[in-house]
1. Filter the stretch 100-128 down to the residues that are more than 28 Å from Pro143 (Cα to Cα) and not in a loop (DSSP other than H, G, I, E, B) and list them by number.
2. Please work out which residue is surrounded by the most Cβ atoms within 10 Å (Cβ to Cβ), limiting yourself to the stretch 12-58 and to residues that are hydrophobic (A, V, I, L, M, F, W, C) and outside any helix (DSSP H, G or I).
3. Looking at (1) at pLDDT below 65; (2) of a type outside the set (Lys, Arg); (3) surrounded by 13 or more Cβ atoms within 10 Å (Cβ to Cβ), which one does Val183 not meet, given that it meets all the others?
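The values are calculated or read from the model by the stated rules, or taken from the named source; none is laboratory data. Owing to the predicted nature of the structure, the values given are computational and were not obtained by experimental measurement. Using ideal geometry, Cβ is built from the backbone for each residue, glycine included, and neighbour counts are taken over all protein chains shown.
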Amino acid sequence: MNSHYSKDNSLPAQARQLLWWVSAIGSAVTVSALFQWRGGDVRSLLVWTLAAAVSGACKFRVPGIESSFSLGYIVVLGAIGFLPFPETVAVSILTVLAQCYWRKGRPRHVQVLFNVFNYAISSASAWYTFHELGRLASVLDMPARFAIAGAVFFISNTALVSWIVSIVSAREFWNTWENSFLVIVPYYLVGVGAAGALTWRSNMSMCITIVLILAVAYSSMRLWVRKACA
C-alpha cells in the first residue's frame, strides 16, 4: 500500500514531523533486526526474497482510490508466521522497494523512506503480536493469532499512510482512511486468509505454495477491479 504526496517539493511542518518520527522508529526497528540477525536457511531466504520482489511489483489501482496497492502484504504476512524477526523485517523492506521502483520513474526519496519505515514498523508490530500471543495467550489457536496480527499490520500500515496523506491534502484523517483503505478490506481479508493458509501448511513445498497463493490473489484482485470498473 503506497502513499502519494504532493508534487511540491515542500511538505507541511506536521508532515515533516510525522516523517521524522516514522523514520526514527523504523530505523530503530531495522537496526534491532540487524543486531538480531543470526543467519539461517539461505535457500529459504532467497525464496522469500524473490516472492517479496515479485509480489511488490504486482500493483493495481482501484477506481476512485488515490493510493495504489500490491500483493506484497501477503508475502509479509506469510513471513510473520514462517521467519524469524530479522528476516521478516528484511522481506518487508524488499517488498516496499519493489513497490516503489518497479516500472516507476524515480519516486521521491521522502516517499520511499516513509514507505520503507512504515512497512518495517507494521511488520514488526504484527510479528511480535503473532508470536507474543502464542506465548502469553496459549488458549488462542494459530488462526486467531494470525487474524489479530493481520489486523495489527493493516491498521498500522494504513493509519500511517492516511495520517500523512490527510496532512498533505488538508483532509480529515477518518475521511482519508475510510475512502482510501476501508473499501479494500474484503480484498485484504482474502490475502490474510491466503497468508494464514501458507503459515498453517508450513510442511508444504514453500516455493509452490507461495506461487499458488500469489496467482490466486492476483487473479481475484484483477477480477474484482474489472467488476468495479464495469
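1. Cys100, Tyr101, His109, Val110, Gln111, Val112, Leu113, Phe114
2. From the stretch 12-58, those hydrophobic (A, V, I, L, M, F, W, C) are 13, 15, 18-22, 24-25, 28-29, 31, 33-35, 37, 42, 45-48, 50-54, 57-58; that's our starting set.
Among the residues that remain, those that are also outside any helix (DSSP H, G or I) are: 37, 58.
Working: Trp37: 14, Cys58: 19.
Ranking the qualifying residues of the stretch 12-58, first place goes to Cys58.
3. Evaluating Val183 over (1) at pLDDT below 65; (2) of a type outside the set (Lys, Arg); (3) surrounded by 13 or more Cβ atoms within 10 Å (Cβ to Cβ) leaves (1) as the failure.
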